[in-house]
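Below is one structure; the comments refer to it alone.
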Amino acid sequence: MMLALGETLTTPEQAVKPEMMHVWAKVLRDPNPIHTDVEAVRARGLGDRVINQGPGNISYIMNMLLAAFPAGRLAGIKVRFLDNVFGGELVTPSAVVLSIEDSPEGRRFSLAIALHAEGRLVLDGDAIVLTPSV
Amino acid sequence: MSDIGSPPDIAGLSLDGAAAIVISADENRMLCEGMGVAPASDGQAHPSYYYTATQIGMRLTVRELCSHCDFDVENAPMMATSEARYLAPLMTETPYRVRGQVDSLIRKRSRKLGAMDLLEYRLSLIDSNGATVLETFNTWVLPRPELS
């Protein structure tokens, strides 16, 4: 698939799995209890469901881009975390192609990226994907 | 408005890792499979390892870094922004060294979160040839409800 300028990329909504937060906690060596212990979330007044790790939220975007550009590679990504994403919520990643340029490294796609959870914008930013020149 | 004081002055604190970090192919496979995606067949690590590998390979654990900020990790630090520049794909079973430092720790008051500290730091992954393969810049929010 070759995306065109202005084209929007998205995927079907996905459920945020609390069990995956245990995997992230192990991989990240992250002892922050709000990802694995709902009582810790309640005690901090942050809600009544565990909160997904930031890298987990970014990965929804990354996986969408990897699927859309199977011959490409991620060259850069910059995100703002705007709200928490809770276990069991449905998230939808999206990206809009802002520019396409040929460079010495290959074809360079600049994209505006976003992640919505149950309709809330929870992450936004931009990404750069490099693909082989055509 | 009450005085919310100042955080510790840790700008410039070195985060250089003491030993090389290796992204385990088995762990990468576990992570990818958990997310429902196939691991790359050519040994590339999932790009989210920009964050994971640098965090694990830096000199301090998350708990220790928070402690330098006079903040208990049990009080739930949150990511505010994150940026990665990949100069080459990240590979599994390949040693990388981590270089980095704390850029700033600033105390401020947020309408949404109340008093908080903003921690900014940068980390790089260096391959065995001395080439930088990744640069990352991260900002964490350290809530300070006791100061609000």
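No value in this document is a laboratory result; all are computed from the given coordinates. In this text the structure is predicted, and so the values were computed from the model without any measurement. As a convention, Cβ positions derive from the backbone with ideal geometry for all residues, glycine included, and neighbour counts pool all protein chains shown.
Kindly put B:Asp42, B:Asp127 in sequence by how many other C-beta atoms sit within 10 Å of each C-beta, fewest to most.
With the fewest neighbours first, B:Asp42, B:Asp127 line up as B:Asp42, B:Asp127.
Simple spin-label model, 7 Å along Cα-to-Cβ: A:Leu98 to B:Ser41 in nm?
3.4
Among B:Leu113, B:Pro89, B:Gly12, pick out the residue whose Cα is farthest towards the positive end of the charge dipole of chain B, where Lys and Arg carry +1 and Asp and Glu carry -1 on C-beta, about the Cα centre.
Of the options given, the answer is B:Leu113.
Relative to the longest principal axis of chain A, what angle (0 to 90°, nearest 10) does the C-alpha long axis of helix A:54-68 take?
Helix A:54-68 and the main axis of chain A meet at about 30 degrees.
Hey, got a sec? Which GluC sites (Glu not before Pro) in region A:24-117 land in a DSSP loop and have at most 14 other Cβ atoms within 10 Å?
When the GluC sites (Glu not before Pro) of region A:24-117 are filtered for loop state and at most 14 Cβ neighbours within 10 Å, A:Glu105 remain.
Direction-averaged shadow area of the convex hull around the Cα atoms of chain B, nm²?
Its Cα hull, projected and averaged over all orientations, spans 9.8 nm².
Taking the Cα centre of the protein assembly as shown as origin, sum charge times position over the Cβ atoms of Lys and Arg (+1) and Asp and Glu (-1), and report the length of that vector in debye to the nearest 20.
For this selection, approximately 300 debye.
Quick one: check the C-alpha center-to-center distance for region B:3-58 versus region A:82-107, whole angstrom.
Between the Cα centres of region B:3-58 and region A:82-107 lies a distance of 20 Å.
Considering the options A:Ile58, B:Ala45, A:Trp24, tell which one lies farthest towards the positive end of the dipole of the protein assembly as shown, charges being +1 on Lys and Arg and -1 on Asp and Glu at the Cβ, about the Cα centre.
Value: A:Ile58.
Rounded to the nearest 20 debye, what is the charge dipole size of region A:67-134 about its Cα centre when +1 sits on each Lys and Arg Cβ and -1 on each Asp and Glu Cβ?
Computed charge dipole of region A:67-134: roughly 120 debye.
Efficiency by 1/(1 + (r/R0)^6): what FRET value for A:Val134 and B:Ala88, r their Cβ-Cβ distance, R0 = 22 Å, to the nearest 0.05?
0.50
Which value, in debye to the nearest 20, gives the size of the charge dipole of chain A about its Cα centre, when Lys and Arg are +1 and Asp and Glu are -1 at the Cβ?
260
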